[in-house]
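Q: Can you keep this structure in mind? I'll have questions shortly.
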Amino acid sequence: MTYCLSDSILYNSTEKMKVNPIFNPGGDDRIEARSIWFGNTTNLMQLNDVRYSWAIGLYQQMRENFWIPQKLDLTQDVTDYWNLTPEERHAYDGILSYLTFLDSVQTCNIPHLKSSITAPEISLCMAEQLSQEAMHNQSYQYIIETVIPSDRRSAVYDFWRTDSVLRDRCEFVAGFYQQYIDNPTTETYFIALLADYLLEGLYFYNGFIYFYNLASRMLMPGSADIFKTINRDELSHVRLFQRLIPEAMQVFPHSVDRIYEMFDSAVQHECRWTNHIVGNDILGITETSTEQYTKYLANMRLKAIGLEPLYREPKYQKSPYTHLERFSDTKNQAHTKANFFEASVTSYVMSSGVSGWDEI
């Protein structure tokens with residue numbers, strides 16, 4: 001089953017993806033000539049007028065999200081770490097290692113996807129995303145070096161080397177990106193783009209839930225506050241790809257069946273890893289709730305790109321962690337920011353005199 005709109009321009013699946021030149025004097029940056037891919041950009045950031053005004057609004061929101069991990073206090077977490085059960089400490093270490101991998105691989109992958117973007121306003125968002133992914137890695141390092149005892153830190157960084165389930169998880173995620181690096185066609189580009197959406201929209205959230213669950217029991221509040229802020233950043237990345245994927249479906253060769261296959265495979269891998277590292281050993285989280293939450297998220301992400309839910313049972317239409325999600329703003333998809341402990345909400349305010357910057 002091929003997804004195709006009547007006005008779509010579908011490129012041949014074996015066609016090589018073009019990488020933008022550093023400078024293209026013969027390019028055409030007029031707004032009517034712009035496109036996200038396969039445009040003829042000069043590669044200059046001409047932003048006085050833009051075609052995709054939503055990207056400018058999103059970029060400004062991403063910039064307003066700026067934060068510094070070292071400003072968040074982890075003092076209580078240092079003590080709380082030894083108040084965790086052995087199972088909770090093991091999960092804490094393993095999830096930190098997994099999230100470090102996710103943002104590390106994004107830092108490597110985003111430049112490859114960005115190099116073929118020909119709309120400067122979209123490129124701007126991806127540049128900010130790259131900056132945020134790097135800062136998230138700094139945040140993990142800050143937690144590991146502050147909270148984890150010195151004799152355990154190497155084991156956290158190298159968790160993927162000693163845990164075969166995590167290594168398999170990492171290789172699965174990276175494999176979709178590597179396909180594009182090894183064979184940069186329009187088809188593999190779309191697959192890498194969709195894999196990016198799965199990473200941003202699905203893979204982080206069981207980890208976030210784990211930290212929110214601890215904080216709801218008055219444990220590791222500093223860690224939860226850091227992850228709440230990372231969560232907010234990641235949701236802005238989700239919004240970016242929720243815009244890009246429908247556009248890509250009109251341009252790149254693909255199969256809806258393949259999209260569903262990738263989603264289902266992603267859910268299975270995510271459940272396997274979460275059940276391995278958390279399972280039924282943590283108060284407030286079970287293998288049943290993990291499956292329900294992961295499939296619920298997958299349904300939400302499919303709906304956001306115009307596709308039908310993959311998991312039709314009523315239990316997969318709602319989250320089992322509503323009492324935790326209200327603190328993390330996952331319901332509002334980063335339109336607002338919420339204080340984790342007070343659950344107070346403040347809307348972002350955007351203002352500028354430049355055309356397109358006030359629209360989101």
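No lab work stands behind these numbers, since they all come straight from the coordinates. These numbers come from a predicted model, not from an experiment. Neighbour counts run over all protein chains shown; Cβ positions are idealised from the backbone, glycine included.
Q: Using θ = phi - 60° and the Karplus form 6.51 cos²θ - 1.76 cosθ + 1.60, what ³J(HN,Hα) does each residue of region 50-67 get, whole Hz, x for Gly and Pro?
A: 9, 7, 9, 5, 4, 5, 5, x, 5, 4, 5, 5, 4, 5, 5, 6, 3, 8
Q: Note down the magnitude of the dipole of region 52-347 about its Cα centre, charges +1 on Lys and Arg C-beta and -1 on Asp and Glu C-beta and zero elsewhere, to the nearest 20 debye.
A: With only Lys, Arg, Asp and Glu charged at Cβ, the dipole is about 560 debye.
Q: How many angstrom lie between the C-alpha centres of region 223-302 and region 36-80?
A: Answer, in whole Å: 21.
Q: Filter LYS228/LYS303; LYS228/LYS318; LYS114/LYS303; LYS228/LYS295; LYS18/LYS71; LYS18/LYS228 down to the pairs with a C-alpha to C-alpha distance above 30 Å, please.
A: LYS18/LYS71; LYS18/LYS228
Q: Note down the nm distance, to one decimal, between modelled labels 7 Å out along Cα→Cβ at GLN268 and at THR162.
A: Distance between the two pseudo-spin positions: 3.0 nm.
Q: How much mean residue ellipticity at 222 nm does the chain get from its helices, if each DSSP H run of length 4 or more adds -39500 (n - 2.57) and you divide by all residues, to the nearest 500 deg cm²/dmol?
A: -19000 deg cm²/dmol
Q: Still on this model: Convert each backbone phi in region 271-278 into a coupling constant with the Karplus relation 6.51 cos²θ - 1.76 cosθ + 1.60 (shift: θ = phi - 60°), then list the ³J(HN,Hα) values in order as whole Hz, x for Gly and Pro.
A: 5, 4, 5, 5, 5, 6, 8, 10
Q: Now for a separate question. Which residue, ASN231, LEU44, GLY306, has the largest displacement toward the positive end of the dipole of the chain when charges sit on each Cβ (Lys, Arg +1; Asp, Glu -1)?
A: Toward the positive end, the furthest listed residue is GLY306.
Q: Could you work out how far helix 186-198 tilts from the main Cα principal axis of the chain, as a 0 to 90 degree angle to the nearest 10?
A: 30 degrees
Q: Using R₀ = 25 Å, calculate the FRET efficiency as 1/(1 + (r/R₀)^6) where r is the Cβ-Cβ separation of SER115 and PHE66; round to 0.05.
A: Efficiency, from the Cβ-Cβ distance: 0.50.
Q: A follow-up question, please. Dipole of the chain (Lys/Arg Cβ +1, Asp/Glu Cβ -1, origin at the Cα centre): which of ASN83, PHE176, LEU297 lies farthest to the positive side?
A: The listed residue farthest towards the positive side: LEU297.
Q: Just subtract the alpha-carbon distance of THR286 and SER154 from 0.36 nm times their residue separation and send over the number in nm, one decimal.
A: Contour length minus the Cα-Cα distance gives 44.7 nm.
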